[in-house]
Every structure is written in C-alpha cells, then in structure tokens.
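Trainee: One structure coming up, written as structure tokens, with questions to follow.
The values are calculated or read from the model by the stated rules, or taken from the named source; none is laboratory data. Please read all numbers here as calculations on a predicted model, not as lab measurements. Note that each Cβ is placed from the backbone with ideal geometry, even for glycine, and that neighbours are counted across all protein chains shown.
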Amino acid sequence: MTGKGTEGRGEKDVEKDAEKSRRAGEKDDGLEAVRRALEPEPRLMEGVVRTDREWEGKIFSVEHLLVELSDGSRDWREIVRHHGGAGVVAVVDGRVCLVRQYRVALGQMTLEIPAGKVDPGEPRDVCAARELTEETGLVAERLELLTESYGAPGFTNEHTSVYFARGLTQEASRPDEGEFVGVVWVDVDDTVEAIRQGLIQDAKTVEGILAAKAYGML
C-alpha cells in the first residue's frame, strides 16, 4: 500500500534513495547492512491516531486504523489481527510428510506441511508439536526452528514459525473435530520439483521445504 507521504516524489528522489542504499551497502558488510536497513526511520513511520475494532472471530479480528504520516497527513489502514501459526517439516527415509486437505477459501485441494494456529499464550514449538501429532500421528523428539515469517505484513500481523522435526516416532493421529485430512509421503526431490512447477503453493510449505533444502537438512 502506498501512503500519501510518497506522493510528489520524483525520479531524482528515487535515484537518491538508491544511491544512499548502495553507499550504505558498501560501508556495511553482510548482516550489518540488513540490520541497519531495519532500523526505524522517522520519515517512514506511521503513528496510530485511532483504532476501531470492526469485527472479531475465533481466529482473527479486523481493525480500522487512522494513522498519521510523517508529513502530517492522515490515512486509513485495514488490519487483520491474527494469533499466528506454526508448522513442521517432517522427513523419514528421504520422504516428506505432507497433509492433503480441501481448502474452502481456495476451492481446491492442497498439500501442506503439518501446521495449525497458535492458541493464545501457547509457545510456538508446543503448537507445532501438537499439530504434527494431531494431523499425522508423528511425535518428534525435538524441533529445530527453520524460519519465521510474516505472510502479508501490508495488512496483517499473522506470524508463522516453521520447524524441522528430529527423532520421529509414529502414534495414532488425533485430528480436531471437524478436521478431515489425509497424509501423503513425497520424495524430497519430487517435493521441491512440485514447488517449482506450482503444484504446491502453500506459503509456509514452500518456505519450510526450501529453507530445509538450503540449510542442508534434506
């Protein structure tokens, strides 16, 4: 979303920003440049003047925020507040455990890593372990954090943590009431290829599988 504070900025302004970023990158090495880029900058900040809670459900709520920009102008933001979720990349004998389910919001079947929403006050790794067992019957001896991400920071604070499972054993699955899922096991290379071909499009699954591959865990 483009705020009013960016209106009237010409090509020269954009070029100056690019040159400033380039010079900063030359001065800073590696992660330090990233950390500097994430530091607050007054001209980019927005202050919340008013918050209107428009709707609240079991999983998320919707707020209408009146914000003030650095130039003194005001604008509205539509925000979705969400408790967040956690998922698990589980691999046994070179095959990835994926959950097969119908997503009514998409009107289609999906293949996803075992995952679910975090209950209020619940540690994220506890949520991940719980969802893994509920959906697949797998129990992990330990979980290693792979990635943390905000799926759509332009309008929601939904935060997802993805873990890699170690020391897996099998028990009976215990899906939640009203949850109907199936479990499939797919070869690691085939899973990566399915992502490349767009057969697997679920964000946390793409994120978790590719991260595990990049980190040498698969």
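Trainee: Taking the residues in the range 169-218 that are of a type in the set (Gly, Ala, Ser) and loosely packed, with under 15 Cβ neighbours inside 10 Å as candidates, determine which candidate is modelled with the lowest pLDDT.
Mentor: It comes out as GLY178.
Trainee: Could you list, in sequence order, the residues of the range 108-123 that are closer than 18 Å to GLN170 by Cα and either touching a residue at least 60 places away in the same chain (Cβ under 8 Å) or in a strand (DSSP E or B) (or both)?
Mentor: ILE113, ALA115
Trainee: Which members of the range 68-102 meet the condition of being in contact (Cβ under 8 Å) with a residue 24 or more places away in the chain, closer than 28 Å to GLY57 by Cβ and among the hydrophobic types (A, V, I, L, M, F, W, C)?
Mentor: Within the range 68-102, ILE79, VAL80, ALA86, VAL88, LEU98, VAL99 meet the criteria.
Trainee: Scan (1) of a type outside the set (A, V, I, L, M); (2) farther than 30 Å from PRO120 by Cβ; (3) surrounded by fewer than 10 Cβ atoms within 10 Å (Cβ to Cβ) for the single condition GLY57 breaks and write down its number.
Mentor: Of (1) of a type outside the set (A, V, I, L, M); (2) farther than 30 Å from PRO120 by Cβ; (3) surrounded by fewer than 10 Cβ atoms within 10 Å (Cβ to Cβ), only one is false for GLY57: (2).
Trainee: Restricting attention to strands (runs of 3 or more DSSP E) lying wholly within the range 124-197, give those where 1 or more residues are free of Cβ contacts under 8 Å to residues at least 60 places away in the same chain and charged (D, E, K, R).
Mentor: 138-150, 159-170
Trainee: Here is a list of conditions, (1) surrounded by 12 or more Cβ atoms within 10 Å (Cβ to Cβ); (2) within 30 Å of ALA140 (Cβ to Cβ), and ARG77 meets all of them except one; can you say which number that is?
Mentor: Every condition holds for ARG77 apart from (2).
Trainee: Which residues, counting only those in the range 26-67, are without any contact (Cβ under 8 Å) to a residue 24 or more places away in the chain and touching a His at 6+ places or on another chain (Cβ under 9 Å)?
Mentor: Across the range 26-67, the qualifying residues are ARG50, THR51, ASP52, ARG53, GLU54, SER61.
Okay, residues lined up against (1) part of a strand (DSSP E or B); (2) out of contact with any Pro (no Cβ under 6 Å at 6 or more places or on another chain); (3) not assigned by TED's automatic domain parsing to the domain that holds THR136:
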{"residue": "SER61", "(1), (2), (3)": "yes, yes, yes"}
{"residue": "LEU65", "(1), (2), (3)": "yes, yes, yes"}
{"residue": "GLY72", "(1), (2), (3)": "no, yes, yes"}
{"residue": "ASP75", "(1), (2), (3)": "yes, yes, yes"}
{"residue": "GLU78", "(1), (2), (3)": "yes, yes, yes"}
{"residue": "VAL96", "(1), (2), (3)": "yes, yes, no"}
{"residue": "VAL99", "(1), (2), (3)": "yes, no, no"}
{"residue": "TYR102", "(1), (2), (3)": "yes, yes, no"}
{"residue": "ALA105", "(1), (2), (3)": "no, yes, no"}
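Trainee: Tally up the residues in the range 11-53 that are modelled with pLDDT of 65 or more and of a type in the set (Gly, Ala, Ser), please.
Mentor: Number satisfying all stated conditions: 4.
Trainee: Also: Identify all residues within the range 87-127 that are small (Gly, Ala, Ser) and in contact with a Gly (Cβ under 7 Å, 6 or more places away or on another chain); write none if there are none.
Mentor: Within the range 87-127, GLY87, ALA115, GLY116 meet the criteria.
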